[in-house]
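Here's the structure we're looking at; comments come further down.
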Ligand SMILES: [Zn+2]
C-alpha cells in the first residue's frame, strides 16, 4: 500500500491510495464518516429564550455547530467512569448569554463561550438566530464526544469521497486532430499541441467520457487504474484532515484485529 499526498491545507487533504482493493478504500471512507469521534453539543439547557425561534430549533442549530476536538482530552461518555452521566472527563460546558440592545442582532457561533479553550466552534461565523431589540438568550450547553454512526452532527468530515484513477489515452494513428474532444472536455484534460492531441492533469478527469462520445474516429479511450483511488477529504474543522486519516486507519486496524482474533478463536 502506498499513499501520495497531492494537496493539503488546513481543512482539506487529497491523496492517492495505491495497492488496495475497493473494499478497503470504502472501509476507510466509512470509518472516517461514521466511527471517528468528534465533539458536538448534545444537551442544551435553555434558561431564557425570548427570540422568535423556538427552543427545539435553537437546540438543533447549536448541535450542528462543528467544535474543535482534542481526542486525547475527553472520554467517550459510554467509556467514561461516570457511566455517561456527564463529568469533566467526558463533557465540556459552553454558554451563551446575549441580549440585543436598540437594534436587531444576529447571534453567531463565536458568541458561545467555552469552559475549555480547546473546545470552541471551528468557525465563528455560523449564524444561530436573529434577535429583535431587547430579546435575550441565556443558554447552557454540554458538548460530548460522539460518533457519526449515532448522529451525523458528530461526523468530523464534511466530504469524504474517492474515485478511480483515470487513464486517458489518445491513439495518434486514429486521431484526425479535429479538436472536438478539447472543446467538449469540461475539465480541460485534452489539449491540441503541435497538431496532436495531448493529455494534461488527467487526475482531474471525472470519467464522464464526453470526449469518447464526441470522437468519431474512436481515438480516445478512458480506462481506470486497478487498485488505485483518489481520496478527497474535507474536515468540518473539528479535527485536522491528516489526523482524520491517521485515526481512522488506526480504528480500522483495531476493528480488523477484533475480527482476526475471533476467527483465530474458532
Ligand atoms: Zn464522564
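Every number here is computed from the coordinates shown, using simple stated rules; none is lab data. Small disclaimer: the values here were computed from a predicted structure and weren't measured. Using ideal geometry, Cβ is built from the backbone for each residue, glycine included, and neighbour counts are taken over all protein chains shown.
Restricting the first member to region 71-92 and to residues that are in contact (Cβ under 8 Å) with a residue 40 or more places away in the chain, and the second to residues that are within 9 Å of the ligand (Cβ to nearest atom) and part of a helix (DSSP H, G or I), the beta-carbon pairs closer than 6 Å and six or more apart or on different chains are 90/77.
Please work out which residue is farthest from residue 140 (Cα to Cα), limiting yourself to region 72-111 and to residues that are part of a helix (DSSP H, G or I) and within 12 Å of the ligand (Cβ to nearest atom). Explain how you work it out, then say what you get.
Within region 72-111, the subset part of a helix (DSSP H, G or I) is 72-73, 77-79, 109-111.
From what is left, the residues that are within 12 Å of the ligand (Cβ to nearest atom) are 77-79.
Numbers: 77: 19, 78: 22, 79: 24 Å.
Going through the qualifying residues, I end up with 79.
On inspection, residue 45 passes the criterion of being surrounded by fewer than 19 Cβ atoms within 10 Å (Cβ to Cβ), more than 19 Å from the chain's Cα centre (by Cα), away from the ligand (no atom under 16 Å from the Cβ) and in a strand (DSSP E or B). Counting only residues that are surrounded by fewer than 19 Cβ atoms within 10 Å (Cβ to Cβ), within 30 Å of residue 58 (Cβ to Cβ) and within 19 Å of the chain's Cα centre (by Cα), how many does region 137-190 have? Summing the residues that are surrounded by fewer than 19 Cβ atoms within 10 Å (Cβ to Cβ), within 30 Å of residue 58 (Cβ to Cβ) and within 19 Å of the chain's Cα centre (by Cα) in region 137-190 gives 7. Selection of region 221-266 for residues being free of Cβ contacts under 8 Å to residues at least 40 places away in the same chain and in contact with a strand residue (DSSP E or B) (Cβ under 6 Å, 6 or more places away or on another chain) yields an empty set. Take the conditions farther than 17 Å from residue 142 by Cβ, in contact with a helix residue (DSSP H, G or I) (Cβ under 6 Å, 6 or more places away or on another chain) and surrounded by 12 or more Cβ atoms within 10 Å (Cβ to Cβ) and apply them to residue 35. Does it pass? Yes; evaluated as a whole, the condition is true for this residue. Filtered by the rule that a residue be closer than 30 Å to residue 121 by Cα and touching a helix residue (DSSP H, G or I) at 6+ places or on another chain (Cβ under 8 Å), region 152-176 gives 153, 155, 156, 157, 160, 161, 162.
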